[in-house]
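The structure appears right after this line, and notes come after that.
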């Protein structure tokens, strides 16, 4: 009986901590969203931090990541193309490529890449600032750390995910045209290609795509920052904070992806 009581107590404490963490994330997300939409947030100092965040998150990795995404996209296109030629499913293969590659794989792959590269770094940076009392020091000298340090990272990270996703989608559509129309493996014309793209990428689908991408970019920065701010002021808690932040971020990205799929296909 005592063992059961101890187990129930442990489960209850774990659930309470899990719920408190998501409440903190939600509160910070609302604060960040309000701050992002406020013109008063943006001055010369914050714009400079935003530019640096975009540089390190998107511009610095743009060539290598785009090459990787292009090779990956072309591999998917060729696999679907070979299968289509084998079974004669020409009219379905192009739509499948656009729906799977452009609408689902590339946005999620971009968000995951930025999460691993930048989200973890932001989580570590904010956790160390919290442990070393740098945020409190800024407040004591009259500087709002939310406005100067945190919101620019959210804005820059969100813009970076949107920009990288857009570049990868354009490259994937160009490679699809190159493989299908220019190399003529499926004997499709430019008109057939354009009509199929217009059929798949209609206005509602595009709205869901960019809303999902925007949510990806917001989550990639908001969750790591929120987790970093809740780090206890002991140095050995920093890697634990990063681990928890990445787990919650991965869960959030999968949840956003599932919601977008439900909106499009259900």
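Taking 7 Å along the Cα-to-C-beta vector as the label spot, tell me the residue 194-residue 78 distance in nanometres, rounded to one decimal. With each label point 7 Å from Cα toward Cβ, the separation is 3.0 nm.
Counting beta carbons within 10 Å around each of 130, 199, 212 and listing the fewest first gives the order 199, 130, 212.
Per residue of the chain, the DSSP helices (runs of n ≥ 4 H) give a summed -39500 (n - 2.57) that works out to -26000 deg cm²/dmol at 222 nm. Kirkwood radius and radius of gyration were both taken over the C-alpha atoms of segment 13-53, and their ratio Rg/Rh is 1.23. Here the Gaussian network model covers the chain, with springs between Cα atoms less than 10 Å apart; of 138, 175, 253, 138 fluctuates the most. Judged by the mean number of other Cβ atoms found within 10 Å, the most tightly packed of the peptides 223-234, 154-165 leads the ranking 154-165, 223-234. In this structure, residue 67 and residue 37 have a Cβ-Cβ separation that, at R0 = 35 Å, corresponds to a calculated FRET efficiency of about 0.50.
The label point for residue 210 and the one for residue 251, both projected 7 Å from the Cα toward the Cβ, are 3.2 nm apart. Mean-square fluctuations from a GNM of the chain, with a 10 angstrom spring cutoff on Cα atoms, peak among 180, 54, 141 at 141. Here each label is just a point 7 Å from Cα along the line to Cβ, and for residue 18 and residue 266 those points are 2.0 nm apart.
Computed extension length for residue 128-residue 240: 39.1 nm, one decimal, from 0.36 nm per residue of separation with the Cα-Cα distance subtracted. Among 248, 117, 27, a tally of other beta-carbon atoms within 10 Å of each Cβ gives an order, fewest to most, of 27, 117, 248.
Counting other Cβ atoms within 10 Å as a rough exposure proxy, the listed residues 125, 134 run 134, 125 from fewest neighbours to most. Protection proxy ranking of 69-75, 239-245, 260-266, 109-115, by the mean of other Cβ atoms within 10 Å over each peptide's residues and highest first, is 109-115, 239-245, 69-75, 260-266.
Per 0.36 nm of contour for each residue apart, how much would the distance between residue 140 and residue 104 grow if the chain were fully extended, relative to their Cα-Cα spacing?
Difference between extended and current length: 8.4 nm.
Considering only alpha-carbon pairs that sit under 8 angstrom and 6 or more positions apart, the relative contact order computed for the chain is 31 percent. Segment residue 27..residue 202, full-extension length gain: 59.6 nm, with 0.36 nm per residue of separation and the alpha-carbon distance subtracted.
Values quoted throughout were computed directly from the atomic coordinates according to the rules given, and no laboratory measurement underlies them. If you're wondering where the values come from, they're calculated on a predicted model, not measured in any experiment. When we count neighbours, we look across all protein chains shown, and the Cβ atoms used for this are built from the backbone with ideal geometry, even at glycine.
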